[in-house]
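Notes follow the structure.
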Amino acid sequence: MKRHAGPMERIFGASRRLLEHLLEGGEMRLRLAVLELEEERARLFDLFLLAGLSLVLATLGLAFVGVLVIATFWETHRLVAIAAVAAVFLLGAVWAAWQLRRLARRRSLLRATLEQLATDRQLLAEPGEEGA
């Protein structure tokens, strides 16, 4: 014959199920946080790569501007070639710096995790506490 669970056994069972659900929710939030940290690491790598590219291209551009000034006092068509190369490097540096600035402004560290925790907090709030 099947034995019915007593009140204490039902309370312990409900507590165990509640704890399991809390742990599952916590694990999912932790996985989301780890994923966001990995994305942030990749974004920082891109930032450093573009910053380095900006610096190299700007340095090369300035070097060619210097060569242009020197070549100004030289013969005729060398100026056009040097000016074109310098312009290309400087435009590349401007593009890389613009990309760097765009990436740096996009702050996203744990954004989805914080949004999900805020949603969880709202769902757990009692009906009278929603306006507070």
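What follows draws every value from the coordinates through simple rules; no lab data is involved. Being a predicted model, the structure only gives us computed values, none of them experimental. With ideal geometry, Cβ positions are generated from the backbone for all residues, glycine too; neighbour counts draw on all protein chains shown.
Figures for the structure shown
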{"quantity": "Segment 13-55: mean projected area of Cα convex hull, nm²", "calculated": "2.5"}
{"quantity": "Convex hull per residue volume in Å³, alpha carbons only, for the chain", "calculated": "150"}
{"quantity": "Length-normalised contact order of the chain in % [C-alpha pairs under 8 Å, at least 6 apart]", "calculated": "32"}
{"quantity": "Cleavage-rule hits (trypsin sites (Lys or Arg not before Pro)) in segment 28-126: DSSP loop, at most 16 neighbouring Cβ within 10 angstrom", "calculated": "R106, R107"}
{"quantity": "Gaussian network model of the chain, Cα within-10 Å springs - most flexible of A93, A33, A63", "calculated": "A63"}
{"quantity": "Fluctuation leader among L23, L57, L44 - the chain, Gaussian network, Cα springs under 10 angstrom", "calculated": "L23"}
{"quantity": "Cα gyration tensor of segment 43-98 - equivalent ellipsoid semi-axes, whole Å, descending", "calculated": "28, 9, 5"}
{"quantity": "Given 14 as the ceiling on other Cβ atoms within 10 Å, longest exposed-site-free region of the chain for chymotrypsin sites (Phe, Trp or Tyr not before Pro) in DSSP loops", "calculated": "1-72"}
{"quantity": "Most fluctuating residue given options G66, G13, G92, as computed from a GNM of the chain linking Cα atoms under 10 Å", "calculated": "G13"}
